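Here is the structure we will look at.
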Amino acid sequence: MGRPYPPSPSGSLPPLNALGSLTEAQILAHLENLVALYCPLAFGTPADKDRSASEQPLADSGYASETEQLGGELGEELLRLETLRADAFERRTAERWLTGFMARAEALACFSSDAARQHALDQASWVLESFFADPADEGRLQGVAGQGGSSSSSSSSSTDFARTFSFELPPRISVSVIDNNVSAAGEEKQQAIEIRLNDGLAGTNSSEPDDVGLQSWGASIVFSKMLCADPARYLLDPAVLGPAPRIVELGAGTGLVSLVLASLLPRLGMPHAAVVATDYHPAVLANLRANIATNFPDREDGPVRSCALDWAELPAASGASPPPPPLDAPADLLVATDVVYAPEHAALLRDCATRLLAPEGVFWLVMTVRPNGKFEAVGGTVEAAFAAADRPKGRDGRRLAILESERIEKQKGIGRGDESHYRLYRIAWA
Ligand SMILES: C[S@@+](CC[C@H](N)C(=O)[O-])C[C@H]1O[C@@H](n2cnc3c(N)ncnc32)[C@H](O)[C@@H]1O
C-alpha cells in the first residue's frame, strides 16, 4: 500500500493564526504534503513508486486484465493529482500559507531545534521556488529597468497580507524613548520599531511581471534590522547628519527601509528628518502610499512621502536642470536594497546617485547575491559601475566610489531560498 495522496491545500492547511498551536510534527506534515503535491519528482509520489513497480518486467501471469485495471486506477489518481496541482486557487492558497508560515517561523515555539526550524523553512521555500520555476515566470526579476510606462493594474489581492515587522533598538535608544515618551507609571513605552505593511507575493500576477516591489525582500529586512541595532555604525547620528537630514530611497518597494528610518531618526535626535521613498512602478507606488498612510496616519505632512522616480529617466549630467521636487534638494543619505538584479541596474543607480547625493552624503546600497545562473550576469556590476573611468561627475567635479564593502550573511527565516547572502556597499564622493 503506497503513501496516501496529498490532500488539497484549501481543505487541509490550518489558518495562519493557528500556527502557534501546532506541534513541530503537524507543521512538518503540512509541509510534506505541499512538497508531495508541488515537488513530486523530488519527493517521489506513491504513483511514482507504484509506477516504477509496475514498470518491472512482469511474468506473464495470464491475468493481463488485472494489470490493465491497476494502470487505470493509477491513471485516475495521477489525473486527480495533476488537476489539483494545476488548480490556481489551490496554488494561491498554498503560496499564501507558505509565505505566512515563513514570516512567522522565527516566532514559533514548537520547533525542537534551530535545525528543525531551518528544515521546515527550507521545505517551504522549496515549494515556493517551484511555483516561480514555471517558464511563464522566467525573467520575473530581470530586465525591468526603463519600463516606466507599465500598466497601472494592481497585484492580485489574494496574495496580499498585512505584515508587522519589529526591529529591536539598543538599550541606549530605548532610554531616549523613555525621555521623550514616558507613560504615567514611568514605564518605557516602546523598545522596538514596529512597521506594518501590506506585503504581497511578487510575481504571482502573470499580467504584471514587474511587480517585484510588492513584497519586502530579504535585503530590506536584514538592513532594517542592522540600522536599528547599531544606528551609529551607519552614520545615523545628528552630529553627522544634523537635525533635519534628507533621505531618499531608490526602488523602495513596500517602503520598509524608508518607514524604519522615518521612525528611527526622530528617536536619535533628528526630529525633522524627511524621507522620500521612490519607485517607478505604478502598482508598487500605490502600495507604498498605502503603507506610508498605515504607519503615519493623520500626518499629511508626515516624515515620509512617496515619489515616482525611474532610474533611467534622471539624466546624470551635472549641467542638467535639478530633479523636480521633492528630489531637488540634495540627499544626505541615499539607501537602496535589492535593486541590482539586471546587468544595467548598477550603472543606472550610480547615475541617479550622482544627481541626488549631497557633497557630504552617503549612499548605502545592499545587493542581494543569488548564485543562480539567471543572476550571474549581475555579479561584479556594482564594483565595475563605481570604478568606471568614464562615470559621471557630480556638481563639484568629484565622482562616486565604493569606500567600503561588507558581506552580510543570510539570516534564518529571512529572504527567499535563492538568496545566498547580501553585500553592503558604502558609497560616497571620492
Ligand atoms: C526586488 S525589489 C526590492 C524592493 C525593496 N527595495 C526591497 O528590498 O524589498 C526591486 C525594486 O526596484 C524597483 N525598480 C526596478 N527598476 C526600477 C527603475 N528603473 N526605477 C525605479 N525603480 C525600479 C522595483 O519596482 C522594485 O520595487
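The values are calculated or read from the model by the stated rules, or taken from the named source; none is laboratory data. For clarity, every value in this text was computed on a predicted model and none was experimentally measured. In this analysis, Cβ positions are derived from the backbone assuming ideal geometry, glycine residues included, and neighbour counts consider all displayed protein chains.
Structure summary
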{"item": "Residue that is more than 13 Å from the ligand (Cβ to nearest atom) and aliphatic (A, V, I, L, M), where the choices are Ala331, Ala342", "result": "Ala331"}
{"item": "Matching helices (runs of 4 or more DSSP H) fully within region 223-310 where at least 1 residues are hydrophobic (A, V, I, L, M, F, W, C) and within 14 Å of the ligand (Cβ to nearest atom)", "result": "256-267, 282-295"}
{"item": "Check on Ala317, modelled with pLDDT under 95, part of a loop (DSSP other than H, G, I, E, B) and more than 13 Å from the ligand (Cβ to nearest atom)", "result": "yes"}
{"item": "Gly186 vs. criteria on the phi > 0 side of the Ramachandran plot, within 13 Å of the ligand (Cβ to nearest atom) and at pLDDT below 80", "result": "no"}
{"item": "Subset of region 383-430 [of a type in the set (Gly, Ala, Ser) and in a loop (DSSP other than H, G, I, E, B)]", "result": "Ala387, Ala388, Ala389, Gly394, Gly397, Gly413, Gly415, Gly417, Ser420, Ala430"}
